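Here the structure comes first, spelled out in structure tokens, and everything after it is commentary.
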RNA sequence: GCGCGCUUAGCUCAGUGGUAGAGCACUGCUUUUACACAGCAGGGGUCCAAGGUUCAAAUCCUUGAGCGCGCACCA
């Protein structure tokens, strides 16, 4: 017997094979467990959503820890007979992924996202995300995670998009989402707004300047950012500050380094008398605190810094450069220049070195510039009523919360606090509850819009005519205005006008094909095109790929340029430049703008009327497209002329819906912004379980994904790293609360960060990353799991040491050999001699069995208390130092010299103790335990044995 | 500034009122119905410091030191 089994356990061969076996069994899916009678239909539920890893790259050892931790809980509960579900998925991680791809792009092709354009750039990001996803899934499986892959989700897929759109609409209706002009964190490097929680602070040395705006202003102020002071509209002092009392309420007109300012002196409680001069220059546009103060005192707001962190004010005129000196200057340079001016004019009173925390974008490292911007926000202070329950279960009116009454009006802040305070959600380790409450205290409205491309597009449309917003989930029809691809004359820079025989270049054809690919799945009903060659070719390519009908409409032709057609563009500009810009005038033989406008004016109306519910592609030329759009936007004809024309093959997407309630316009343009990635991941616990598609119909107790929401939500456990307590955990509570009226999970167990032997965080930039796949091949996934779990109290950081992995690899060999030994002693005619363990008369054996039962009880308790490290250590210790070192050694004599029935009794004891030990070890080391178990019970799966 | 965590064997860390623990490393011995990725035996700790509570403190309390972290911000 023993000879057939090698003395070493081959984890590299075994682990993938065993995982395959589990997957094939289908028992990661609770529906199958119920179907096969492994768990009862009405058994208790244990459900958990995997915190979806970002598709920004591959997994590191920290993910392995997170997965192992959850898998222990999942396997334990499954063996305890619960209907256990663990839902996998990945996160598109909007800004992180986009930043990663853009960085690579700049490095390899020296292009940024704007050079590539939205469509092409997104294609690259999606390719990258797909590749990451595939590696990630392979890694997760390699670690043995028993996830129900049939329910795999992605935060950017279609069901999750529906969830995002539905949530946005619902929250808007509840008054929890609004669009407003507020000071936000602008990341000049990423060119997007970021939320407060994506900002980190770095300590740097800074100069702290004390000065007066001008000689005739009575109060000195201090700042580390003098360049923002050109945007000051007030000086704030403490109401009880005797020094300044006499100035409060007065307004001064001052000239600050050549910039005229109107400064009102105000009194505000938040000003500290003892700091600096006790007076604070208020810059409402470029400081969160000042903005809030400005709101209280109704101060005007002057923006003086732009999105590229350059100055937006003039200052004195610089004759040498022929422009106002500050205009367009970088903030740092402006600071130096202003300080120098103050010094020259004797206004600078003090200059001190201070340590200052500056705000930095967590993702891009850009120094955050507070700017006033029109963005979408979640209002955390607005009262609302929990919406009607999606399932008509139990009492409590509209609320399924234990701690919130039905019909009660509550703010999101209060809701988030209440459910944790009341213990409805329990956060472990407990110290994080305090951290959580503290965060809520300081919480501001959550900015959810981002100026990046990769993500869920915000489902808000603005009327082209008047800008009125319209939030809805589906449009009646869409129009795509497309300029033709590059033509021969475009390339050669020759005036085309209405000339015949000017086909697309190879590049132009490729452009048209790209557009066609993009429109392929848009259900295009009709292509309407100018009949000129370059449009015709473009339209035909689009029609072919989309399967739409084409009609040609002469009225969509380019403006006629008469005798200038065929002329080099430069020459035309020289001769007819003025005429080209004139509304009424025209080149001989050509058309005036007025005439062009006239022939286009009917086009919109006609096609709107004739093809009411169709998605239409309109292929035309630069000038006509500008006029069409200009008309929709109600722009003056003369202004349209000076608008830049779209690029070759550029697509403008519009939706058509019921006429605007303000201006009766039909055309709407979608908000170009996307959602904060956390907006979609905040719905993870329920968007993965069928919300909103099955929100109304899900039925508890029935199998199938369409009933998941009723069966598995709220989830039982959430186990992310503590670093995303605010970013994610808190927001899941928020979203589940206002959208479902219930908690997303009953318990949160936060784990620490895995660090390297030096205590440093693993990161790609530090180059200390360890590929879990490499380690798994070397020592086995089981060994990695044990090394990560044992020796780390839940919630503490893990210092990762490869030596420990090696130690647990040795343990799996030990276990393997225990099994080998036991098996080698299996009597051929076991049955005949078996007396049954419960009837054993051997006192020592009885004691062995009792000891095992005690160990089992204690391990069960540890696991239930999420003390996995203690449970793992205990079973490890039992197997090695009790079962192997003591019990087996003691039985050897019997096995060698005993009679047949004694041998059988010894064997039965050892087999029992071993198999029970395998069960207890299985959640921690699933592979080797399953492999060994099958040597004893070839027709069974340890994974679903009863604990 | 407010808050949190850590400080235990050479290293990495468990233990949280009842005679100090694990892994790795170290020393010596041992091929024995499995396992040398093993067994047996062993060395190594004033449990950061000081004070307090207690019959009893690594464990609870107070103060302090060093390291690390979070939040807020001084404008």
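The values are calculated or read from the model by the stated rules, or taken from the named source; none is laboratory data. What you see is a predicted model; the values in this text were computed from it and never measured. Every residue, glycine as well, gets a Cβ built from its backbone with ideal geometry; the counts of neighbours run over all protein chains shown.
Taking the conditions exactly as written (more than 18 Å from residue A:254 (Cβ to Cβ) and either in contact with a strand residue (DSSP E or B) (Cβ under 7 Å, 6 or more places away or on another chain) or not in a helix (DSSP H, G or I) (or both)), does residue A:276 satisfy them or not? Against the criterion (more than 18 Å from residue A:254 (Cβ to Cβ) and either in contact with a strand residue (DSSP E or B) (Cβ under 7 Å, 6 or more places away or on another chain) or not in a helix (DSSP H, G or I) (or both)), residue A:276 qualifies. Only one entry of A:485, A:525, A:497, A:465 meets the criterion of being surrounded by fewer than 22 Cβ atoms within 10 Å (Cβ to Cβ), in a loop (DSSP other than H, G, I, E, B) and in contact with a strand residue (DSSP E or B) (Cβ under 8 Å, 6 or more places away or on another chain), and that entry is A:465. The residue pairs whose first member lies in segment A:346-359 and is within 8 Å of RNA strand B (Cβ to nearest atom), whose second member is in a loop (DSSP other than H, G, I, E, B), and whose beta carbons are closer than 6 Å, counting only pairs six or more residues apart or on different chains, are A:356/A:224; A:359/A:368.
Matching residues to (1) part of a loop (DSSP other than H, G, I, E, B); (2) over 28 Å from residue A:243 (Cα atoms); (3) in contact with a helix residue (DSSP H, G or I) (Cβ under 9 Å, 6 or more places away or on another chain):
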| position | (1), (2), (3) |
| --- | --- |
| A:270 | yes, no, yes |
| A:293 | no, no, no |
| A:338 | no, no, yes |
| A:354 | no, no, no |
| A:360 | no, yes, no |
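Working only within segment A:207-220, note down all residues that are part of a strand (DSSP E or B) and either surrounded by fewer than 21 Cβ atoms within 10 Å (Cβ to Cβ) or out of contact with any helix residue (DSSP H, G or I) (no Cβ under 8 Å at 6 or more places or on another chain) (or both).
Restricting attention to segment A:207-220, the residues satisfying the condition of being part of a strand (DSSP E or B) are A:207-211.
Matches in segment A:207-220: A:207, A:208, A:210.
Restricting A:689, A:709 to residues that are more than 30 Å from residue A:363 (Cβ to Cβ), surrounded by 24 or more Cβ atoms within 10 Å (Cβ to Cβ) and modelled with pLDDT of 90 or more narrows the list to A:709.
Screening segment A:600-716 for helices (runs of 4 or more DSSP H) wholly inside it with 2 or more residues that are closer than 30 Å to residue A:41 by Cα returns the ranges A:684-687, A:708-712. Evaluating residue A:841 against the criteria (1) within 8 Å of RNA strand B (Cβ to nearest atom); (2) surrounded by fewer than 13 Cβ atoms within 10 Å (Cβ to Cβ) leaves one unmet condition, (1). Exactly one residue out of A:249, A:258 is in contact (Cβ under 8 Å) with a residue 24 or more places away in the chain, more than 41 Å from the chain's Cα centre (by Cα) and surrounded by fewer than 22 Cβ atoms within 10 Å (Cβ to Cβ): that is A:258. On the basis of being away from RNA strand B (no atom under 12 Å from the Cβ), within 43 Å of the chain's Cα centre (by Cα) and either surrounded by fewer than 21 Cβ atoms within 10 Å (Cβ to Cβ) or closer than 23 Å to residue A:942 by Cα (or both), does residue A:846 make the cut? No; evaluated as a whole, the condition is false for this residue. A Cβ distance below 8 Å, combined with a sequence gap of six or more or placement on separate chains, defines the contacts here; from segment A:318-338, residues that are more than 14 Å from residue A:259 (Cβ to Cβ) reach residues that are surrounded by fewer than 14 Cβ atoms within 10 Å (Cβ to Cβ) in the pairs A:323/A:317. Per the listing A:644, A:672, the residue uniquely surrounded by fewer than 17 Cβ atoms within 10 Å (Cβ to Cβ), at negative phi and under 30 Å from the mean Cα position of the chain (by Cα) is A:672.
Number of residues in segment A:543-553 that are closer than 20 Å to residue A:603 by Cα and touching a helix residue (DSSP H, G or I) at 6+ places or on another chain (Cβ under 8 Å) equals 5.
Here is the figure for segment A:791-806: residues that are more than 6 Å from RNA strand B (Cβ to nearest atom), assigned to a loop (DSSP other than H, G, I, E, B) and either out of contact with any helix residue (DSSP H, G or I) (no Cβ under 7 Å at 6 or more places or on another chain) or more than 15 Å from residue A:772 (Cα to Cα) (or both) total 3.
From A:65, A:19, grab the single residue that is more than 28 Å from residue A:701 (Cα to Cα) and at pLDDT 95 or above.
On the way: A:65 fails: at pLDDT 95 or above.
Answer to the selection: A:19.
Does residue A:574 meet the test of being more than 30 Å from residue A:666 (Cα to Cα) and not in a loop (DSSP other than H, G, I, E, B)? Yes, satisfied.
Could you say which residue among A:946, A:935, A:874, A:903 is in a loop (DSSP other than H, G, I, E, B) and in contact with a helix residue (DSSP H, G or I) (Cβ under 7 Å, 6 or more places away or on another chain)?
That would be A:946, the only listed residue that is in a loop (DSSP other than H, G, I, E, B) and in contact with a helix residue (DSSP H, G or I) (Cβ under 7 Å, 6 or more places away or on another chain).
Within segment A:252-300, restricting attention to residues that are near RNA strand B (Cβ under 8 Å from one of its atoms) and at positive phi, the residue that is modelled with the lowest pLDDT is A:276. Taking the options A:235, A:265, A:313, name whichever one is assigned to a loop (DSSP other than H, G, I, E, B) and touching a strand residue (DSSP E or B) at 6+ places or on another chain (Cβ under 6 Å). Result of the check over A:235, A:265, A:313: A:313.
In the set A:363, A:343, A:417, only one residue is under 30 Å from residue A:739 (Cβ atoms), at pLDDT 90 or above and more than 13 Å from RNA strand B (Cβ to nearest atom); that residue is A:417. Restricting the first member to segment A:737-755 and to residues that are closer than 30 Å to residue A:801 by Cβ, and the second to residues that are away from RNA strand B (no atom under 16 Å from the Cβ) and outside any loop (DSSP other than H, G, I, E, B), the beta-carbon pairs closer than 6 Å and six or more apart or on different chains are A:747/A:426; A:747/A:717; A:748/A:718.
The sole residue among A:890, A:787, A:884 that is modelled with pLDDT under 95, part of a helix (DSSP H, G or I), over 16 Å from residue A:69 (Cβ atoms) and within 9 Å of RNA strand B (Cβ to nearest atom) is A:884. Among residues of segment A:879-895 that are over 13 Å from residue A:909 (Cβ atoms) and touching a residue at least 40 places away in the same chain (Cβ under 8 Å), those with a Cβ under 9 angstrom from a residue that is within 6 Å of RNA strand B (Cβ to nearest atom) and in a helix (DSSP H, G or I), sequence gap 6+ or separate chain, pair up as A:879/A:814; A:879/A:818; A:880/A:814; A:880/A:818; A:884/A:814; A:884/A:817; A:884/A:818; A:884/A:821. Please verify whether segment A:760-768 includes one or more residues that are assigned to a helix (DSSP H, G or I), within 16 Å of RNA strand B (Cβ to nearest atom) and closer than 16 Å to residue A:143 by Cβ. No; the residues of segment A:760-768 include none that is assigned to a helix (DSSP H, G or I), within 16 Å of RNA strand B (Cβ to nearest atom) and closer than 16 Å to residue A:143 by Cβ. For segment A:433-445, the set of residues classified as more than 8 Å from RNA strand B (Cβ to nearest atom) and outside any loop (DSSP other than H, G, I, E, B) consists of A:433, A:436, A:437, A:440, listed by residue number. Close Cβ contacts (under 7 Å, 6 or more residues apart or on different chains) running from residues in segment A:801-819 that are closer than 11 Å to residue A:928 by Cβ to residues that are outside any helix (DSSP H, G or I) and more than 6 Å from RNA strand B (Cβ to nearest atom) comprise A:809/A:780; A:812/A:9; A:812/A:780; A:812/A:925; A:813/A:9; A:816/A:9.
Considering each residue of segment A:43-63 in turn, at least one proves to be touching a strand residue (DSSP E or B) at 6+ places or on another chain (Cβ under 9 Å), within 16 Å of RNA strand B (Cβ to nearest atom) and part of a helix (DSSP H, G or I).
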